Amino acid sequence: LYKVARGDNITIPCSFITTVQPKQVVITWSLGLNAVITYFYPVDETAVAPEYDERASLDLNIAAGKADLLLKAVTVKDNGKFGCHVQIAPRDAQGQPEDTADLIVLVAPSKPICQIQGKAEYGQNINLTCVSEEGSPAPTYKWAGYDAQNNPRAPDPKTTDKGGILSLYNISKDTSGYYLCTSTNEIRSASCNLTLSLSHAHLFSDDGSPEERKNESSMNIGSTAAIIGGVVAVLVVLVIIIYCCCCRKKNEKKEYAIWILGDENGIEARLQRPTQRLYDDRRSEYSDRRSDYNDRRRDYDDHRSDYDDRRSDYDDRRNKYGDRRERYDDDRRYEDDRRYEDERRYNDRKDPRSDDKRDKP
């Protein structure tokens, strides 16, 4: 087992003994199932995994059976079991070809985060949690309680403290106070704290000791005073707004009667009322609607004029037809007269004596 602080360098040794004269040797260092670095003898070639490039190397002496692994700037990812595997040809049937070593990268716990789970009210059950995001090996957690006078509190038999979770049951006034959680591993420790009140909890993220909580009452007084000051300021603003609104209403009432100075002979009184404006507005709207009505009426008259024009055209065409008919009647009368006159002339030419001859036997 090897331990090293994060960021430091470390050498993990590996030695082997063989009973044959080695002609070919392959040495492989791995972390779990992943190869870290591999060396080939006698070609003297080395293959390094990309994530260990420029961080992993070998200290070799084949004749002396030495194949140590050198790691630089170790990280938390280097935590685990490293294995050294040696393959020799011709094969050596004695001994074992591989051995392992555990590496622990030490990381100090990060500042833990303290929180309250549940409602901090009378008769409720709540949990106080404490967690460090970093820490190698994994840190252990311990809670300690203090009363309102910062005296250590004897743990309640029903209270449990496991894995950074402090469980409080049926909380009451005696449960309120100051609680401190400490996260610890091999390197160092870190802590967080919170104050539990009857109805609510205040969360602090500092590393102060219980004695520093004596100033909490003065902080609460200051915050209360700030709240009261803010409420007073809001009330003052509301009063100013109400006063301005009242003054504005009074000025509007005064506008009902305004006296204006007239000429030299006397004073002309003119009464102005806000309703007059409303009347004028309505009158304007009525005038607008009346104008629209007149426009529509003019459009209707235009349509009637068009209709009259078309009717006049029709009458003209009828008059023309009547003229043609009268001419036709005149022609017919003229032809009848001519026919009658022709018949008379024909009858006149006939000799009456010829008629007498016809009458004789």
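Structure notes:
- Strands (runs of 3 or more DSSP E) contained entirely in the stretch 1-76, each with at least 2 residues that are more than 56 Å from the chain's Cα centre (by Cα): 24-31, 34-41, 56-61, 66-71
- Tyr122 vs. criteria in contact with a helix residue (DSSP H, G or I) (Cβ under 9 Å, 6 or more places away or on another chain), farther than 24 Å from Ile27 by Cβ and exposed (fewer than 14 other Cβ atoms within 10 Å of the Cβ): yes
- Residue under evaluation Asp102, criteria (1) acidic (Asp, Glu); (2) at pLDDT 90 or above; (3) in a loop (DSSP other than H, G, I, E, B), criterion not met: (3)
- Val105 under 26 Å from Tyr2 (Cα atoms) and buried (at least 18 other Cβ atoms within 10 Å of the Cβ): yes
- The listed residue being charged (D, E, K, R) and either within 22 Å of Thr18 (Cα to Cα) or outside the structural domain of Pro13 (by TED's automatic domain parsing) (or both), out of Asp78, Asp99: Asp99
The values are calculated or read from the model by the stated rules, or taken from the named source; none is laboratory data. Keep in mind it's a predicted model, so treat the numbers as computed, not measured. Note that we place each Cβ from the backbone using ideal geometry, even for glycine, and neighbour counts take in every protein chain shown.
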